[in-house]
Amino acid sequence: MLVFVSGGTSRPAQAAVQHLPRHALIGFLHSSFGNDAGYLPINDVPDGWDIINVAFARSAGHGTMTLTRCAVGTCAGFEDDQAFFAGIQAQRAKGKKVLISLGGGDSEVRLTSASDVDNFVSSVRAIVDRWGLDGIDVDFEQQSVALDGDDVDFRHPTTKVVINLISALKRLKSHYGRQFVLTMAPETLGVQLGHSVYGPGRDNSRDARSGAFLPIIYALRDDLTVLAVQDYNSDPILGSDNRTHQMGDADFPIAMTDMLLTGFTVAGDTNAFFPGLRADQVVVGLPANTHAARRGWIPPGAQDQVLDCLMRGQRCGSYAINRPHPSLRGLMTWSINWDSFNHFEFQRTFDAYFRR
């Protein structure tokens, strides 16, 4: 596999000239694979989307990331490289941020050595520069990020793959500068589950991925543009209210997002408090429809309830948030393609709430 894909015109990513809107809509765009959602050329993504995560650059091993575009025979309506590049730049000219999403559900990325870090940084830079992108989204799943048994403090991680990923992301941010967009879309397993369970334990009896994204988020909290935890395909999670929350209605994303905004103790240790992020760094991650994720979809009315609760302190149901956060950044969905399949119901719901 090659890091570069033929066609188009190589150019370095330019510094972003516009900030994100106060409330942003973020979506993933299937550009490297096809499925029942259908292919959507990037130039055809509607103006309502503020960050477009091109999905996915995958691992070729030893830290090297590659973007291989979807084949013509697999993706009906597939645009060639020149049109893809032009579409990216057209979206950017409208003030949209176009990122490369790294990893995905079927690509494990583990940076186990210094050479892996070098390969990761150089290959990601090549993709960003090749396509003129605004930044990166970290969507590491499977066993990409897992903690060693003796790694017990998210503030001072000792697990090699965690330390190496932090180093690699800081190098990329330093190289491109302050306006380089850095987003993350971890699973609840790697974030909120850390409230009750952190790492495998010294006896390796638990899932080593439990809370494993916490040291990464913590180390990059000043560099992070947006955190969009996937509030779907999740097991039940113990909230900071000491109640177990499960998917099915507005309660789950309310509880999960409130934890990110107010912070929470890690592994039940009152001396280990994961501090909340700024509200403008946090978005709620939801599937676009029932086809987009195995579990976790909520209807438009429940989406509005989530926003009313988190931003206004209204209609919270049985969950008592710490306080309203009117500057909550917005929503993320998997995916733009699935929303297109569903006549853009998710985007229309967002627009009706924020842009009416």
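The numbers here are math on the coordinates, done by the rules we state, and not lab data. From a predicted model like this one, the values you see are computed outputs, not experimental measurements. Using ideal geometry, Cβ is built from the backbone for each residue, glycine included, and neighbour counts are taken over all protein chains shown.
How many angstrom lie between the C-alpha centres of region 306-341 and region 213-243?
15
Could you point to the residue in PRO186, VAL98, PHE33 farthest towards the positive end of region 24-354's charge dipole, with +1 and -1 charges on the Cβ of Lys/Arg and Asp/Glu respectively?
Positive-most Cα among the choices belongs to VAL98.
Which whole-number percentage describes the relative contact order of region 237-350, with Cα contacts under 8 Å and a sequence gap of 6 or more?
Computed over region 237-350, the figure is 27 percent.
Quick one: LEU238, LEU310, fewest Cβ neighbours within 10 Å first, how do they rank?
The most exposed by this proxy come first: LEU238, LEU310.
Suppose we look only past 24 Å in the calculated P(r) of region 239-356. What percent of the Cα-Cα pairs does that tail hold?
Distances greater than 24 Å cover 26 percent of the Cα pairs.
Using a Förster distance of 30 angstrom, determine the FRET efficiency expected from the C-beta separation of ARG348 and SER122, and round it to 0.05.
For R0 = 30 Å, the calculated efficiency reads 0.15.
Going by how many other beta carbons lie within 10 Å of each one, how would you line up ILE216, ILE298, fewest first?
ILE298, ILE216
For the chain, what is the relative contact order in percent, using Cα pairs closer than 8 Å and at least 6 residues apart in sequence?
17
Would you check region 24-354 for Lys pairs whose C-alpha atoms are within less than 24 Å, ignoring same-chain pairs closer than 8 in sequence, and give me the count?
7
Can you give the FRET efficiency for ARG294 and LYS94, using 1/(1 + (r/R0)^6), R0 = 35 Å, r = Cβ-Cβ distance, to the nearest 0.05?
Efficiency at R0 = 35 Å is approximately 0.55.
Region 41-114 to region 121-148: how many Å between their Cα centroids?
Cα centroid to Cα centroid, the span is 11 Å.
Averaging the inverse of every distinct alpha carbon separation and then flipping it gives the Kirkwood radius. What is it for the chain, in angstrom units?
20.3
Got a sec? How would THR74, THR257 order by Cβ neighbour count within 10 Å, fewest to most?
THR74, THR257
Between region 267-285 and region 167-182, how far is it from one alpha carbon centroid to the other, in angstrom?
22
So what's the net charge close to LEU331: Lys and Arg +1, Asp and Glu -1, counting the other residues with Cβ under 14 Å from its Cβ?
Neighbour charge sum, excluding LEU331 itself: -4.
Restricting attention to the chain, give the cysteines that have no other cysteine Cβ less than 4.7 angstrom from their Cβ.
Lone cysteines by the Cβ rule: none at all.
Taking the Cα centre of the chain as origin, work out the dipole magnitude from +1 charges on Lys and Arg Cβ and -1 charges on Asp and Glu Cβ, in debye rounded to 20.
Rounded to the nearest 20 debye, it is 880 debye.
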